[in-house]
Amino acid sequence: MSRMAVCLFLLAVGSLFLLPSSARGEDRVEMSMPFFREPTHQIDSVDREAKTAIVKARPQTPFFSASEGLGVMLLSSSGRGPFDTLIRVDVREVLKDGEMLVAFGDGAAAAMRRGPAVLFRPFSGEMGAGGRIAPATTRQLRELPDVLTSKPLDADGGLLGAMEAARAAARRSASMNNLKQIGLAFHNYADAYRSFPPAVIYGPDGKPWHSWRVLLLPFLEQQALYEQYDFSQPWDSPANRQVSETVVNVYRDPAVEGEGALTNYAAIVGDNALFAPNLVKMQSPDDFPACLSRKKLHFRDVTDGTSNTIMFATVDPERKIPWTKPEDIVFDEAFPGVGKPAGIGAPHPGASPGERVGLVGFADGSVRTVRGDLDRDTLAPFLTRNGGEITQPESLSASGDEGGGQLQQPMVRIIKADDGSYGFLID
């Protein structure tokens, strides 16, 4: 691979150098590579007699700049299932349009097949085990057998399982970033108006007319959309239909499937929550924005501390809430905790199999994960702004996620045993 490709991957994995070693027994990790979201290449044709293949880089991959030399290729033995086969290859010639002529050894002829693949020059040793990270040497690659196979540990194992884990980590990271943007918009609103946005603005008829999500639009680079919204009419009126049907991406969690102008994030609303219910009511249809000045909450009202008070959270995926609709998560005696329809949603996979986690945004702008099985009593101290409770942040965390961080990056590891035999795994 070229220096450019190596540099791109070094940048991408800079945060992974503290990952623990996974070498087992007396085996050692000879080479390793982080695995990212998608296959990097496509095997277009295979000539088993000549022991060559035509391989093309997929769009938007850093491997467009591949150069001649030794490397390894990962592919599926079935062409459909988990990527369980590693083949030592030699990029003989770089052709036009990102195509490459790749040669392989006698022992790999039966295993090489058309389809998606990952082509790379791995790093020497194990990433995250300390020391300088450097590409594998030519000698290390020459000593590899023509082909290695690895049976997945379970149905979700192998490279396809690692791909899904990487996608899940990316979706979770993007969702956390959405909550951070929403939290920053909240703070910018509070700075501009010297008060919090109300969760709901009630119309003169006593019904909920407008949501905080609309109020934050100017602080989410959506000024033009905000100016189209008519505050003299309810959110679902014909006058506001065009705005209500416009998708606002920052309100969509990428882990939740489905289409439409919906929101996957809600405010925590309750008598002692950061968002108080029934706070603002319009006296007439033209009472906006004057209605905002009559009752206000400020940061001085958050006596529990902003780092201990949750203001936004993911909602249950089954709740299909239009983003302009003034509907949120109600914190009252019936609040069920996390992972239930009326509570905080847990749409993201956790670090352990079968585990789910939710995301919450605190009043200080920080975002972290919470266990998908938290009950009301455990979570309640974090949902009040002035309850005076003693909080225990560690009680919120999912297993293997005490810092509220990301899922571990899947890794490809080539293992060399004391007897000189090789194997590889993806975990």
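Inspection of segment 45-55 finds no residue satisfying the criterion of being modelled with pLDDT of 90 or more, closer than 28 Å to A417 by Cβ and among the β-branched types (V, I, T).
Residue-wise test of (1) in a loop (DSSP other than H, G, I, E, B); (2) among the aliphatic types (A, V, I, L, M); (3) under 26 Å from V247 (Cβ atoms).
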residue: D304; (1), (2), (3): yes, no, no
residue: R319; (1), (2), (3): yes, no, yes
residue: D332; (1), (2), (3): yes, no, no
residue: A346; (1), (2), (3): yes, yes, yes
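Of the residues making up segment 368-397, those that are at pLDDT below 90, out of contact with any Ser or Thr (no Cβ under 9 Å at 6 or more places or on another chain) and outside any loop (DSSP other than H, G, I, E, B) number 1. Looking only at segment 250-304, residues that are of a type in the set (S, T, N, Q), more than 33 Å from the chain's Cα centre (by Cα) and on the phi < 0 side of the Ramachandran plot come to 3 in all. Taken over segment 182-225, the residue count meeting the criterion of being surrounded by 16 or more Cβ atoms within 10 Å (Cβ to Cβ) and over 18 Å from P285 (Cβ atoms) is 20. The lone criterion from (1) touching a helix residue (DSSP H, G or I) at 6+ places or on another chain (Cβ under 9 Å); (2) modelled with pLDDT under 95 left unmet by G339 is number (1). Checking the stated criteria, E30 turns out to be at pLDDT 90 or above, within 20 Å of M127 (Cα to Cα) and of a type in the set (D, E).
Assess whether G365 counts as being surrounded by fewer than 23 Cβ atoms within 10 Å (Cβ to Cβ) and either at pLDDT below 90 or of a type in the set (K, R) (or both).
For G365, the condition - surrounded by fewer than 23 Cβ atoms within 10 Å (Cβ to Cβ) and either at pLDDT below 90 or of a type in the set (K, R) (or both) - is not met.
For S232, the conditions (1) small (G, A, S); (2) more than 23 Å from P341 (Cα to Cα); (3) touching a strand residue (DSSP E or B) at 6+ places or on another chain (Cβ under 9 Å) are fulfilled apart from (3). Of all residues in segment 230-246, those satisfying the criterion of being free of Cβ contacts under 8 Å to residues at least 40 places away in the same chain and either over 27 Å from the mean Cα position of the chain (by Cα) or surrounded by fewer than 13 Cβ atoms within 10 Å (Cβ to Cβ) (or both) are D230, P234, S237, P238, A239, R241, Q242, E245.
Scanning segment 258-270 for residues being touching a residue at least 60 places away in the same chain (Cβ under 8 Å) and over 14 Å from D328 (Cβ atoms) gives a total of 3. Taking each residue of segment 203-224 that is under 12 Å from K325 (Cα atoms) and not assigned by TED's automatic domain parsing to the domain that holds Y265 and looking for partners that are surrounded by 22 or more Cβ atoms within 10 Å (Cβ to Cβ) and not charged (D, E, K, R) with beta-carbon atoms closer than 6 Å, six or more apart or interchain, yields nothing.
The values are calculated or read from the model by the stated rules, or taken from the named source; none is laboratory data. These numbers come from a predicted model, not from an experiment. Note that we place each Cβ from the backbone using ideal geometry, even for glycine, and neighbour counts take in every protein chain shown.
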